[in-house]
Structures are given as structure tokens and as C-alpha cells.
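Q: Quick one: the structure is below, and I'll ask about it shortly.
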Amino acid sequence: MGPEYYLERLRGWLKANLLPAAVLVGIILAVGFWFAAPVFHGLLIGFYANFSFWILVLLGIILVVFLFGRGYRRPALVATGAWIALLFFFLIFGGALEQVRFYDSLEAEALEEIPETEGVRFLPLEVAARAAQNRANEPRVALGDFEPLEREPGEPLGYVAPRVPNGGFNVFTYQQQGVSVVNGQGEVETLREPFRYGEGMSLTDNVNWKLIQERFWVTLTDPYYSVDGDETLMLVPYLKYRLSFPVTIPYWAGTFVVHPDGEIEDLTREEIIADERFQNERLYPGELARRAAESLAYQNGIWNAWVTRRDVPQIPDVDNTDNEMPYLLPGGEGPVWFTALEPYGPSNATYTMLYTDAHTGEYSVHKRPLDSALLGPNRSFGFVTNAYPDFQWIRSGPAGETGNVVSLEPRPVVRPEGDENVLYWMLSVTTRDSPGINLTAFVDSRDGAVTGLRSYEEVLAFARGEDVPGATPQDASGAAPGEQPPAPPAPGEGAPEGEISPDDLSDEELIQLLREAADRLETENPAAPPEGEATAP
């Protein structure tokens, strides 16, 4: 029996079993794709997020093939050239068109004055991370990204970070061990309930892998957490895309709620906004709030955004921090995403402020008149440094970096003063590796006057608009209006409260500080040579 015999038998078997075999292969492929779908998600979601472009590509191919099939060679070539030119137009201007259409979808309310904030975020991100790291004593666990966390009404915002598996082997065998919570005063609490699907876990146990299997045609945003007592829930908002001719724009479509035991709730935007568990909590993705701020540059069209630059704002890159805008702030009716925007170019002024309701996603904008722009966040660092010249600020020079004091993360605080709401930038002054705050400086965005406060209670009272005893604004020289600059402490005196204490320094930093002080004394007061000795030539 030759090969022809076996081929004939195979044809007969396929003829009799073609349909069942096709169904079986289809099931195997479908199950395999479902299981491995996250591997292809990044590529395919890129096509879906720009489906209008690919529809144009497909229509162009159909038109050209149709014309060639009918023998219309010249029209087919003309159509090919025109379609290629159109596609190049999309490649060049597609991103800008998306920004224009996104701005058109905002429907932002215009605000006549700056809204008052209802609280503060006392700790900057870096200080909260240090405090939590100082309490992390489990070798198999590391801390993931820190996210702002709302606490009880009236309390400052805190932070929460996942406790993820640490190390190459643990990511395959260990679960996310709950979360680490840093409250508004820097106190750390560890909630150890493990997550069945969590962050930092590999392959099928990773929460992103599981959620992509649940809903493939969405873009997941960064996870964050809702902590109510001992119950910890992971929230993962997701984005879909809608046509806004001729491009597509993202929108918040819903949120996954992941329970520690592996239960996953898929709630639409309307369902989670109405959910009593998350009343007045942050729900709207910060990614969209930042994109909305970026789209303001295109409010007068692409030509203006790229060429004439009339009324074009930009988001500043904030110095001395990894925490970029928008900042989550406590507002009167719930948290808001706040973005301060500067004019395009080298200016450090703030003239546009975008507020995004962090619960519902509604937008509002406050624009300053041209003659009353306010100081921007990066400009506030210089005013704090000048107000406290005796601090050993970190500086870089030809001999390397000196000092160990730094001011961190200018956060906006809107303080009621009479009939006006005044924007202050609140900076935390601390040492390089300290898990605490030595001084909180409020910089008046109108004139740069600096008010330094020492205690947590004073900071809260000042932010509420109360009169704080001893809270006297200082100008850039460090003096109150009409006064002389404060003198540095006399030798032998302890450092005033709010300044840097030797207890906050490491041995190396203390030695470096003493060396710098000795060098300054030697330069300013050179010692006379002992009697009987000659001076060096």
C-alpha cells in the first residue's frame, strides 16, 4: 500500500469528520487565546484605540482593489496616492487631533475664583515612602507604588502601597501580602491580608493578567486601594474608546473592584459612582485628569498650539519630587485632581488651574487675568531657601554636593483670607533621609512671602484660615516686613524648633556638617600663630 492509499483514507476521514474537527480546533484555539490573551493585549489594544485610522486603511484598500478589478488603472493609482497622503496626514496630525477632540469633550465649567480646599496633604510622597520603608522588615516583601489615600473627613490625605513579592522566585510562589498605609501624620499601619490576584505577582496570578481575561478590549489604569477599617479593596479603573470624528478618544467606562479572596466586581461608571461603599472617594482615573490638562494647549486649535502659542498652557515638571501633577486634594464635596498650568515657555507663573472631580470626572477651570498671574510651584523653592539661609540646603558645586536639607513637593493649599481665597504652595522641609518633617513652609503665590510652621496642628489651623500665634510671613530675606533677618543660633544653643536637629543626621552627614562649619570659621576668623612661631610665607 503506497502513499496514495493513505491520502485517500485521510480525505475520506476529513470528509466525514470535517465539521466536528473544525469545531474542536476552534474550541482549542479559543481557549488558548483566552488563556494567553494578555500576551497579545498590548498590540491589539493599540489597534482598537486607533480604530478610525485602521478603518480608513481598510476602506482605501477596498477602493483600490475594486478600481483595479474593474480595469480603472489610472483612477486606482490616483486613489492610492490620495489615500497614502491622507494616512500620512493622520500619522502627523492624529495625536493633535485627538487632543483637540478630547478638549471639546471636557465641557469644563468656568470658575470666577479659586475654590477653597478643605484640607491638606501634610506628607510629601518621599517622606511617606521613607516612613513606610523604615517599617518594612519582611525579606520576601517589597513596597510597590504609593498612591494617595483619603481618610476620615477633615483628616489629611495619607498614602497606601501594595506589599508585593520581593525577588525573582517569590513573584511566582508568593502572594501580595496586603498593603501598607501611611496616615496623614506619618504613622504606618500594615494590613496583611493576602490577595489572590495582586500586583507584583507573575503570570496568571497577576491582577492585570486576570482582568484582561475578564475584559479584553479595555485599557487598564494604575491600581489603587480603598481602605475602610480592616477591609481593603483594590480598584482598577478601565478606559474604552469612542469615535470623535475623525479620531478616537479614551473615556472612563468602569472600574474593577478586586477583593483579597479573588472575587472581582466589574462595575460600570454609573454603578460605582452610586455605590455607597465609595461615596465621595476617588474614582476617576488620574491619567485622564492629566490628559485633560494637556489638552488645554489645543483649546484654540492645532495651528495655535504649534505656531502662534496664544493662551497655550503647559504642565510644569515639579522639581525635587517624583510626584507629578495632577495632585489629589480634599475638596468641599469630595476629592479633586488639581493641576496648575504655566504659560508655554520659560515662565514659572501659574495662570490656569484645572480642577477634576475625582469622584465623577466633571471638569472646571479657573483662569487668572493677564495682569494677576500667580507664582508657580517651582518658583516657590527659591523663596523658601532665601527665607531660611542658615539651613544647610543641598547644593551642587565644583566640589560636589554639600548640605543635607531639602524642601519637597509644593502642594497647593487654598486659604480663605477675608473675601478672597489665596493660593499657597505648601513645602515640607526635611533632611535627606529623614522620615519626618522639620518645617512646613507656606509660600504666598501672590508675592512669595513665606510662613514657616513647626507642628502638625499649626499647619492644619493655618490651612483652615485660622490665625496661628507666631505665624508671621517672611520676605525673601527671611525677615518679617519691617524687621531685620533672624540671626543664626549662638554657639552652644540648641537648634530652634523647626530647624534641623543633629538627631536627624547620620554620622556621615554630621561629620560633613562639622567640617563645613570648621571651614567657614577658619575662613572668617583665621587663628593667630602661637607665640614664638613665624607665620608661613
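FYI, it's all coordinate maths here, none of it is from the lab. Computed from a predicted model, the values in this text were never measured in an experiment. Glycine gets a Cβ as well: all are built from the backbone with ideal geometry, and neighbour counts include every protein chain shown.
Q: In nanometres, what is the gap between the two model label sites at Glu152 and Tyr48, each 7 Å from Cα along Cα-to-Cβ?
A: 4.3
Q: Just the projected area, averaged over all directions, of the convex hull on the alpha carbon atoms of the stretch 43-192: how many nm²?
A: Working: hull surface 66.5 nm².
Convex hull of Cα atoms, orientation-averaged projection: 16.6 nm².
Q: Follow-up. Between Glu113 and Ser396, what's the calculated FRET efficiency when r is the beta-carbon distance and R0 is 60 Å? Round to 0.05.
A: Values: r = 40 Å, r/R0 = 0.67.
The calculated FRET efficiency here is 0.90.
Q: Related question: May I ask you to order 225-238, 404-417 by the average number of other C-beta atoms within 10 Å around their residues, highest value first?
A: Numbers: 225-238: 17.1, 404-417: 21.8.
Final packing ranking: 404-417, 225-238.
Q: Follow-up question, since we're still on this one. What distance in nm separates the simple spin-label points at Arg242 and Gln213, each placed 7 Å from Cα in the Cβ direction?
A: Going by the 7 Å Cα→Cβ label model, 3.2 nm.
Q: Given the stretch 160-268, report the % of alpha carbon pairs whose separation exceeds 20 Å.
A: 45
Q: Put a dot 7 Å past each Cα toward the Cβ at Trp303 and Asn386; how far apart are the dots in nm?
A: 4.2
Q: Rounded to whole Å and sorted largest first, list the principal axis extents of the Cα atoms in the stretch 321-455.
A: Extents along the principal axes, in whole Å: 49, 33, 30.
Q: If R0 is 56 Å, what FRET efficiency do you get for Arg368 and Arg11 from their C-beta distance, rounded to 0.05? Could the numbers behind the result be given before it?
A: Numbers: r = 80 Å, r/R0 = 1.43.
Using R0 = 56 Å, I get an efficiency of 0.10.
Q: Next question. To one decimal place, what orientation-averaged projected area in nm² is obtained for the convex hull of the Cα set of the stretch 298-370? Please report the intermediate quantities before stating the final value.
A: Values: hull surface 24.3 nm².
In nm², the orientation-averaged hull projection of the stretch 298-370 is 6.1.
Q: How do Phe381, Phe195, Phe47, Phe90 line up, fewest other C-beta atoms within 10 Å first? Walk me through the numbers before you get to the answer.
A: Numbers: Phe381 21, Phe195 25, Phe47 10, Phe90 17.
Arranged by neighbour count, lowest to highest, Phe381, Phe195, Phe47, Phe90 become Phe47, Phe90, Phe381, Phe195.
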